[in-house]
Amino acid sequence: MSVYITAIIDGFRLLLSGSQDVWSIIELSLGVSGSAILIATVIGVPIGYFLGMTRFGGRWALILLVNTAMGFPPVVVGLFVFMALSRSGPLGELGLLFTPQSMLIAQVILAAPLVAGVTTAAVAGVPRDLRLQLRALGASRVQEAWAVLKESRRGVLAAVIAGFGGIISEVGAVSIVGGNIEGSTRVMTTAIMFHVRRGEFGLAMAWAMVLIGIALVVNAVLTGLQNAGVRHER
Amino acid sequence: MSADVATPARTAAVPLVVGEDIVVRFRKRTVVDVARIEIARGCTYGLLGASGAGKSTLLRALGLLERPTSGRVLIDGVEATRRDLTIRRGIAAVFQKPYLLRGTVADNVAYGLRLRGVSGTERAARVSEALERVGLAGWQRQSALTLSGGEAQRVALARALVLKPRLLLLDEPLSYMDPLLKRGLTAEFASILASENVTAIYVTHDQDEAAVVADRIGVMREGRIVAEGDPDEVLGLPEDEWVAAFVGMEPPLRGGVRATSDGLATIDVTGVTFYATTTLPIGTGVLLAVRPEDVTIYEAGVELPLGSARNRLDAVVAEMRPGGGTVQVVLDHRGTRIAAAVSRASAKELDLKVGARVVAVFKATAVRVRASA
């Protein structure tokens with residue numbers, strides 16, 4: 001038991017040290033995962049809306065594709081992105097491997113299907129009659145879509161929360177494509193892995209606490225948004 | 001099609017809405033199949049029918065809310081679809097559920113105006129006017145969450161009226177109300193629709209509601225319009241056997257005018273004589289029917305009160321169908337059947353049961369007559 005206590009004490013010491021390295025790692029983690037979830041939302045929400053609202057041949061196959069993509073193991077996504085960005089890969093000339101951008105790309109690929117899939121389910125749950133009512137009050141297609149997304153914002157935000165939670169805590173993809181380079185691509189999860197390997201459990205625990213703490217704060221904000229005002233339905 | 005259809009003639013002669021060959025299929029099932037329907041300007045058209053008859057689906061097609069599988073909708077003589085936002089913005093709807101959005105009553109009523117980019121000051125003025133119209137003056141700041149069902153539905157009506165629509169769609173707007181509230185709101189809706197001089201399509205499965213609200217009624221069954229005309233005609237003398245049953249009547253009787261004098265006709269129905277007020281000439285083949293509410297029942301052998309009721313038929317009770325407050329009694333007079341609506345108390349007092357001998361009495365003016373095709 002004492003090993004945990006020592007680790008926790010070490011952890012607090014690290015956080016309170018206010019070291020520049022610590023903050024740059026936190027910043028990079030939040031920067032990469034934050035941007036990734038933003039981009040994934042911009043891509044995933046319209047796809048989810050489209051899949052949830054429209055009926056067309058092949059819709060079922062597309063939903064299956066998205067749902068399967070939701071469960072992609074990060075390591076596999078990391079591998080694909082790595083191969084694409086490696087010198088001999090199709091995007092090798094961009095020279096993005098082992099940069100924060102490469103981690104961003106991997107995380108967008110991980111989060112976008114999640115956002116799209118959960119959004120699909122959320123908007124499909126909006127009653128058809130409500131959409132008819134909006135349309136019957138003169139809503140254009142865009143106005144209707146906006147209102148439907150607002151009505152299903154709990155689900156859509158759940159998609160964003162799930163996506164963010166998934167990528168801020170994943171280690172497989174970022175370690176493959178980022179390489180865990182200190183001062184450049186080391187993020188919180190790869191830092192934990194790094195310190196565990198070196199037997200520095202205090203530092204690893206410190207990062208674990210920071211990671212959990214940040215996840216808590218971010219989710220608190222999103223959950224707050226989710227609960228802000230509930231439509232009244234008879 | 002030809003030029004006469006394509007000319008956008010904005011005259012009273014052109015119906016506001018015309019549906020041509022409207023067919024709606026869900027998967028393989030045909031839900032609506034209507035060759036032609038016209039909604040005249042300023043008229044409230046009641047679409048009446050049982051659940052699943054295709055009324056709401058037809059409404060949504062005519063209101064440009066959903067594209068029919070085939071067929072076309074003309075608004076003001078011009079073909080229109082869901083994509084024509086400008087035309088669509090002349091149409092507003094109230095559905096079964098009010099579907100209010102979170103926020104205040106004013107927010108809700110102003111919703112459509114905001115979609116159209118109407119300025120804040122004009123919005124406020126129009127919202128207050130619309131709320132007054134539905135009897136909710138001054139309710140602007142009330143939260144939409146705290147309203148009762150009846151209040152919420154009034155807000156939904158205000159939300160539609162505030163847009164000053166050329167066409168108002170009402171899809172069973174009162175079906176979730178309790179009977180008392182429903183009667184009150186039906187009358188209110190009817191007077192608002194009449195005073196607004198708005199063109200409306202009113203979907204309902206309730207013939208009483210349709211009778212109060214509509215200027216014209218179309219009865220739907222299995223996707224088709226099986227009867228159409230003014231409410232008195234459709235509800236008072238339904239030609240179709242199914243329609244008759246739907247509106248709570250026996251099938252119409254067939255007969256011929258045998259004699260007339262001063263607008264009073266003697267009509268022979270397979271040997272039974274009916275008296276009716278009609279100007280149809282002697283020899284005309286007719287359909288006739290009597291609304292059950294217009295028929296009074298007396299015990300056989302009792303001395304009848306003096307009165308203007310000319311029609312007196314000895315009959316046998318053939319069937320009793322208990323309803324809400326009344327009992328529908330089917331009477332048989334030598335094979336000729338009419339129905340009478342009797343209060344539960346009277347039915348008990350008269351000791352009515354199948355096989356009982358009675359006298360059915362009704363006025364000549366209560367007999368509805370139409371020349372048969």
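Rule-based calculations on the coordinates, nothing more; no lab input. Since the model is a prediction, treat every value here as computed from it, not as a measurement. In this analysis, Cβ positions are derived from the backbone assuming ideal geometry, glycine residues included, and neighbour counts consider all displayed protein chains.
Okay, here's what the table says:
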item	result
The range B:39-91: radius of gyration over Cα atoms, expressed as a fraction of 2.2 N^0.38 Å	1.18
Lys pairs under 21 Å by Cα in the range B:3-246, provided they are eight or more residues apart or on distinct chains	5
Percent RCO, i.e. relative contact order, over the range A:21-188, from Cα pairs under 8 Å lying at least 6 residues apart	38
Charge dipole (debye, nearest 20) of chain A; +1 at Cβ of Lys and Arg, -1 at Cβ of Asp and Glu	860
Listed peptides B:156-164, B:231-239, B:171-179 by packing density, highest first (mean Cβ within 10 Å)	B:156-164, B:231-239, B:171-179
Inter-chain Cβ neighbour average for residues A:139-147, partner chain, 10 Å	3
Cut-off 18 Å (backbone N to label point 7 Å along Cα→Cβ of B:L181), residues of the range B:135-165	B:135-137, B:139, B:142-159
The range B:221-373 - percent relative contact order, Cα under 8 Å, separation 6 or more	25
Between helix B:120-133 and chain B: long-axis angle, C-alpha atoms, 0 to 90°, nearest 10	10
Two-site label geometry, A:L216 and B:A259: point separation in nm, points 7 Å out along Cα→Cβ	10.2
Peptide B:95-105, shielding by other chains (average Cβ, 10 Å cutoff)	5
Bins of 10 Å, starting at 0 and running to the largest distance - Cα pair percent for chain B	5, 20, 25, 22, 16, 9, 3, 0
More than 43 angstrom apart: percent of Cα pairs within the protein assembly as shown	46
Positive-end extreme of charge dipole, chain B - chosen from B:V367, B:T326, B:A110 (charges on Cβ)	B:A110
GNM result for chain A, Cα springs below 10 Å: residue of A:L14, A:L132, A:L30 fluctuating most strongly	A:L132
Value in Å of the Kirkwood radius, where the range A:90-156 supplies the Cα pairs that are averaged	14.4
The range A:148-234, Cα convex hull volume normalised per residue, Å³	110
Evaluated at q = 0.09, 0.19 Å⁻¹: base-10 log I(q)/I(0), Debye formula over Cα of the range B:52-183	-0.29, -1.09
Debye-sum result for the range B:137-245 in log10 I(q)/I(0), which assumes one identical scatterer on each alpha carbon, at q = 0.13, 0.15 Å⁻¹	-0.55, -0.71
Net charge dipole size for the range A:86-219 [Lys, Arg +1 and Asp, Glu -1 on Cβ; Debye, nearest 20]	320
FRET efficiency, 1/(1 + (r/R0)^6) with R0 45 Å, evaluated for B:A345 and B:A373 via beta carbons	0.60
With Cα atoms, 0 to 90° folded angle of helix B:105-115 axis to chain B main axis	70
At least 30 Å along the helix axis (C-alpha) and Kyte average at least 0.5, DSSP helices within chain A	A:20-53, A:100-124, A:201-227
Relative contact order [Cα under 8 Å, 6+ residues apart], the range B:48-129, whole percent	15
Cα-centre dipole for chain B with unit charges at Cβ (Lys and Arg positive, Asp and Glu negative), debye to 20	1320
Percent breakdown of C-alpha pair distances by 5 Å bin, ordered from the shortest bin, for the range A:21-188	2, 10, 16, 17, 16, 13, 10, 8, 5, 3, 1, 0
Hull-based mean projected area of the range B:253-371, where the convex hull spans the alpha carbons, in square nanometres	7.2
Added length on full extension, which subtracts the Cα-Cα distance from 0.36 nm per residue, A:S86 to A:D129	10.4 nm
Positive-end residue, chain A charge dipole about Cα centroid, Cβ charges, pick of A:Q133, A:P46, A:M103	A:Q133
Qualifying lysines (Cα of each under 21 Å from Cα of B:K353; at least 8 residues distant if same chain)	none
